[in-house]
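The values are calculated or read from the model by the stated rules, or taken from the named source; none is laboratory data. Worth saying up front: this structure is predicted, and the values here are computed from it rather than measured. When we count neighbours, we look across all protein chains shown, and the Cβ atoms used for this are built from the backbone with ideal geometry, even at glycine.
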Amino acid sequence: MNNFELYNPVNYVFGKGQIAKLSDLVTSKKILLTYGGGSIFKNGVYEQVKAALSGVEIIEFGGIEPNPRFETLMKAIEIIRKEKIDFILAVGGGSVIDGTKFISATVHFEGNEADILHKRILFKDTSKVVPFGTVLTLPATGSEMNSGAVVTIEATQEKLTLGGSALFPVFSIVDPTVIESLPKRQLQNGVVDAFTHVMEQYLTYNHDALLQDRIAEGILQTLVEIGPKVIENPTDYRLASNFVWCATMALNGLLNKGVPTDWATHMIGHELTALYEIDHARTLAIIGPNLYKVMFDSKKEKLVQYGKRVWNLTGTDEKIAQKAIEKTTEFFQSVGMKTKLSENTENYQETASFIVNRFEERGWKGLGEKQLVTLDKVKEIVEMSY
Ligand code: NZQ
Ligand code: ZN
């Protein structure tokens, strides 16, 4: 097992009715409440937040888009600077929470704000960011319990990451009943995003971190068991609560401890969202299985383990590994994904060369757990996804 440090300061508050705890968790007298396109006004979440914060002065900042835009977030930063606000409450899905992480990092940043994304500046000093808490409304990204974020620069169609240990939420309130109002499409996205987060940290090569593998397989098996059901029955609390916890556990920094990680599916997928605005999870369903095919030789041992333990496959190793990829695609399709790029957008023909050029400009010459996802492999993976 590789050496590691495990640091996660998030006060994770889980369960029915927990939004009321905001009255204890928020100690500032004046806060910025960030939200998205308005779903929180239709499902009762906003009322619960307001009721819990009756004594707090709240300035609202709405309109944070899915795949949050740098240009929009800069407006919130101006408000915080002007109004001297010292706490932010993000109420929404991954996009609102990610956007809030960018706002938190940028308020006291001196310099060109786009550099935070272009130069991947890490934020480690909590005294230099604005503290924030979250009320999660969409289980998928794990953003409620991690310190990473993804922000899109509209002007250049770039989707880039930021993060650092100062960007963990102070607390996150996670009430599984919030998924009752989610459109089916977003529930489907949540299952596939969480599943792929586990795969990125699991489907690499054999190593000695036995417990990490078993935790990863436990999350994958639980998602296979409950994913299709929760999409049809989001009001079933047994399903909802397990789904939400799976999504958090898939990317709260626990699975990657002591093990190699891949993340190439995400890196390629982010380009598809930047170019065509395809939902994040849907890009993963398009790219993931094709990446496993192209990288078959280096991932074969792990594919066999995955096939045996998660899908109960038997036969020769070669057959199990191949069948495991097929099973993954079938699972994604069974939860509503269209796994070809051409089923998600029309003008896709130049996509592979565009992405390869971009990665080359950024110096990303070898992605994945062994840096074996070279530019020619990226081209092959994307073309196979057409
Ligand atoms: O904007 P509103 O009106 O709130 O509506 C949202 C949005 O339209 C809606 N929604 C959210 N909760 C709802 C609801 N509708 C009804 N009832 C509810 N309870 O759902 C739509 C999608 O929301 P969004 O926040 O965009 O989805 P998600 O949580 O999947 O976040 C996706 C973003 O997170 C990034 C993605 O790249 C993408 O930008 N990711 C962040 C990660 C991280 N921070 O660790 C990791 C991920 O791999 C991912 O890259
Ligand atoms: Zn993801």
**Report entry** segment 272-287, residues that are assigned to a helix (DSSP H, G or I), more than 9 Å from ligand 2 (Cβ to nearest atom) and surrounded by fewer than 24 Cβ atoms within 10 Å (Cβ to Cβ)
**Finding:** Thr273, Ala274, Leu275, Tyr276
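One line per residue, one yes/no per condition, for (1) free of Cβ contacts under 8 Å to residues at least 60 places away in the same chain; (2) closer than 18 Å to Gln201 by Cα; (3) surrounded by fewer than 21 Cβ atoms within 10 Å (Cβ to Cβ):
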position: Thr265; (1), (2), (3): no, yes, no
position: Pro289; (1), (2), (3): yes, yes, no
position: Phe296; (1), (2), (3): yes, yes, yes
position: Asn312; (1), (2), (3): yes, no, yes
position: Gly315; (1), (2), (3): yes, no, yes
position: Glu318; (1), (2), (3): yes, no, yes
position: Ala321; (1), (2), (3): yes, yes, no
position: Glu326; (1), (2), (3): yes, no, yes
position: Lys338; (1), (2), (3): yes, no, yes
Query raised in the report: How many of the residues in segment 134-169 are under 14 Å from Val91 (Cα atoms) and over 13 Å from the mean Cα position of the chain (by Cα)?
Result: 4
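Inside segment 49-159, counting only helices (runs of 4 or more DSSP H) that do not spill past its ends, which hold 3 or more residues that are assigned by TED's automatic domain parsing to the domain that holds Met267?
Values: elements: 70-83, 94-106, 114-118.
In segment 49-159, no matching helices (runs of 4 or more DSSP H) lie anywhere.
If you take the residues of segment 137-153 that are among the aliphatic types (A, V, I, L, M) and over 21 Å from Val178 (Cβ atoms), which of them is surrounded by the fewest Cβ atoms within 10 Å (Cβ to Cβ)? Working first, answer last.
Taking segment 137-153 as the starting set, the residues that turn out to be among the aliphatic types (A, V, I, L, M) are 138, 140, 145, 149-151, 153.
Filter again for over 21 Å from Val178 (Cβ atoms), leaving 150-151, 153.
Values: Val150: 25, Val151: 26, Ile153: 16.
Going through the qualifying residues, I end up with Ile153.
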Report task. Please indicate, with yes or no, whether at least one residue in segment 304-327 is within 16 Å of ligand 2 (Cβ to nearest atom), assigned to a helix (DSSP H, G or I) and among the polar types (S, T, N, Q). Result -> no
Report task. Looking at (1) within 15 Å of ligand 1 (Cβ to nearest atom); (2) under 30 Å from Tyr237 (Cβ atoms); (3) touching a strand residue (DSSP E or B) at 6+ places or on another chain (Cβ under 8 Å); (4) not small (Gly, Ala, Ser), find the lone condition where Val170 falls short. Result -> (1)
Query raised in the report: Does Glu78 qualify as being out of contact with any helix residue (DSSP H, G or I) (no Cβ under 8 Å at 6 or more places or on another chain) and either within 16 Å of ligand 2 (Cβ to nearest atom) or farther than 18 Å from Phe109 by Cα (or both)?
Result: no
Report summary line: The residue from Leu223, Leu210, Leu167 that alone is away from ligand 2 (no atom under 16 Å from the Cβ), under 25 Å from Gly368 (Cα atoms) and either touching a Phe, Trp or Tyr at 6+ places or on another chain (Cβ under 6 Å) or hydroxyl-bearing (Ser, Thr, Tyr) (or both) is Leu167
Report task. Go through the residues of segment 303-310 one by one and say whether even a single one is out of contact with any helix residue (DSSP H, G or I) (no Cβ under 8 Å at 6 or more places or on another chain) and in contact (Cβ under 8 Å) with a residue 60 or more places away in the chain. Result -> no
Query raised in the report: assigned by TED's automatic domain parsing to the domain that holds Glu217 and under 30 Å from Lys229 (Cα atoms), is that true of Ile355?
Result: no
